[in-house]
1. With the condition kept exactly as written, say whether any residue in the range 220-227 is β-branched (Val, Ile, Thr), open to solvent by less than 20 Å² (accessible area, probe 1.4 Å) and out of contact with any Cys (no Cβ under 6 Å at 6 or more places or on another chain).
2. Among the residues of the range 363-387, write down those that are part of a loop (DSSP other than H, G, I, E, B), crowded, with 19+ Cβ neighbours inside 10 Å and touching a residue at least 40 places away in the same chain (Cβ under 8 Å).
3. For the range 118-135, give me the residue count where each residue is surrounded by 21 or more Cβ atoms within 10 Å (Cβ to Cβ) and closer than 13 Å to residue 75 by Cβ.
4. Is it the case that residue 270 is touching a residue at least 40 places away in the same chain (Cβ under 8 Å), assigned to a helix (DSSP H, G or I), open to solvent by less than 40 Å² (accessible area, probe 1.4 Å) and in contact with a Ser or Thr (Cβ under 9 Å, 6 or more places away or on another chain)?
5. Can you spot a residue in the range 352-362 that is among the small types (Gly, Ala, Ser), open to solvent by 20 Å² or more (accessible area, probe 1.4 Å) and part of a loop (DSSP other than H, G, I, E, B)?
6. Please tell me if residue 252 is out of contact with any helix residue (DSSP H, G or I) (no Cβ under 6 Å at 6 or more places or on another chain), farther than 27 Å from residue 152 by Cα and surrounded by fewer than 16 Cβ atoms within 10 Å (Cβ to Cβ).
7. Return the pairs, sorted by first residue and then second, in which the second residue is open to solvent by less than 70 Å² (accessible area, probe 1.4 Å) and aliphatic (A, V, I, L, M), the first residue lies in the range 309-324 and is free of Cβ contacts under 8 Å to residues at least 60 places away in the same chain and assigned to a loop (DSSP other than H, G, I, E, B), the beta carbons are less than 9 Å apart, and the residues are 6+ apart or on different chains.
8. How about the range 284-304: which of its residues are in contact with a Lys or Arg (Cβ under 7 Å, 6 or more places away or on another chain) and assigned to a helix (DSSP H, G or I)?
Amino acid sequence: MIDDLDLGFDEPERGEKGRHRRGFVRKRNGKSGGRGKTVLALLLALVLLGGIGGGAFYGFDRIQSYFVTPDYEGAGTGEVNVEIKQGALIADMAVALYDAGVIKSTKAFIEAAEENSRSKNIQPGLYKLRKQMSGESAVAAMLDLKNRVVNGVTIPEGRTAKNVYKLLSDHTKIPVKDFEAAAKDPIALGVPEWWFKRSDNKKVRPSVEGFLYPDTYEIPPKATAESILKLMVENFLSVTEEMQFADRVQKERGGITPYESLIVASLAQAEAGNKDDLGKVARVAYNRVYGDFPCNCLEMDVTVNYYLESVGRPTKASKDMTDAELDDPKNPYNRKLRGLPPTPINNPGKLAMEGAMDPPPGKWLFFVAIDKEGHSAFADTYPQHERNMARAREAGII
């Protein structure tokens with residue numbers, strides 16, 4: 001009869017189909033598990049043993065180990081550092097803690113995390129913990145900020161890869177040239193090859209630009225340029241998968257590829273002065289390149305600045321750019337070239353990607369900033385745009 005009992009020994013499933021939300025473990029038939037089941041099973045075992053006879057209790061300790069979650073008592077001893085990686089789930093954390101000798105079983109930590117509603121707040125990073133801690137003590141320690149070894153660096157939205165390398169180098173003291181060398185092969189860094197496909201038949205030279213997701217990162221001990229860039233690419237893939245970015249773009253954006261939409265997201269990130277306008281700027285880019293705009297070109301000066309930065313020249317405000325810089329025939333990011341530029345021009349954030357994935361409807365072809373908060377006015381025709389520019393001049397914006 002014992003064979004028919006649900007003893008609550010469900011283990012967290014691995015792989016894509018078994019991934020679950022941080023802080024929760026999926027239970028059989030959708031029912032909650034844990035200590036209630038364990039206690040019930042133990043009681044039933046005691047009843048069965050009692051029916052067999054008092055002599056059977058010699059094996060009680062052995063049988064008990066099958067029903068009670070193996071766990072240490074107390075706050076532990078000594079000291080050990082444990083790294084929790086970006087995107088780790090509660091089950092992943094439990095494995096890291098078990099391997100480091102912090103907890104007696106992965107289930108002890110998982111059950112304690114299930115009972116603590118704050119466990120979802122455990123962040124990636126390096127933790128200073130003790131060995132042989134109870135699951136409950138381990139969860140509490142990881143929620144205590146004083147146990148977290150902070151070595152974080154924040155990458156703002158819209159920074160170019162070149163600028164990201166400088167930020168990372170300043171923080172880690174790893175030379176910029178090491179990041180540049182690691183970035184030469186974005187596929188080796190984890191970017192799937194299918195990302196580098198276009199619908200406009202333009203040749204693609206794979207670039208890491210666009211895939212270094214802006215976020216705050218805990219830099220692991222002994223990190224290398226390659227491992228840090230891999231961490232950022234992995235974060236990009238996780239975020240875009242959660243957004244269903246690639247799937248929605250292919251279904252909803254009229255045949256353009258996810259890579260082309262990522263390029264549009266980078267343009268919106270560079271051009272929009274306010275997050276409220278990210279989707280509208282993306283719509284302008286789509287309308288200019290794929291709509292009735294005479295040259296089907298972008299005519300956005302931010303692409304010129306990207307080229308200037310990439311060749312080591314200083315970037316400029318639009319009003320300071322010369323005609324030769326604006327329309328340099330050698331510049332592959334020339335604003336008058338038909339279609340989208342060869343690559344993204346920065347690393348856009350989630351809101352910019354959402355704007356490119358699902359832009360608001362509109363026939364806008366022009367926009368101009370009209371207030372100091374960065375809001376823009378959008379226009380379908382050039383006469384409308386001229387009126388908006390007059391408003392911008394009156395406000396002292398241009």
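1. Scanning the range 220-227, I find no residue that is β-branched (Val, Ile, Thr), open to solvent by less than 20 Å² (accessible area, probe 1.4 Å) and out of contact with any Cys (no Cβ under 6 Å at 6 or more places or on another chain), so the answer is no.
2. The answer is 364, 365.
3. Within the range 118-135, residues that are surrounded by 21 or more Cβ atoms within 10 Å (Cβ to Cβ) and closer than 13 Å to residue 75 by Cβ number 3.
4. No.
5. Yes, because at least one residue in the range 352-362 is among the small types (Gly, Ala, Ser), open to solvent by 20 Å² or more (accessible area, probe 1.4 Å) and part of a loop (DSSP other than H, G, I, E, B).
6. In short, yes.
7. Cβ pairs passing all conditions: 314/308; 315/304; 315/308; 316/304; 316/308; 321/304; 321/308.
8. 287, 301, 303, 304, listed by residue number.
The values are calculated or read from the model by the stated rules, or taken from the named source; none is laboratory data. Note that this is a predicted model, so its numbers are computed, not measured. Quick reminder, even Gly has a Cβ in these numbers, built from the backbone with ideal geometry, and neighbours come from all protein chains shown. These accessible areas exclude ligands, DNA and RNA; they are computed on the full protein's heavy atoms, side chains included. Shrake-Rupley method; radii C 1.70, N 1.55, O 1.52, S 1.80 Å.
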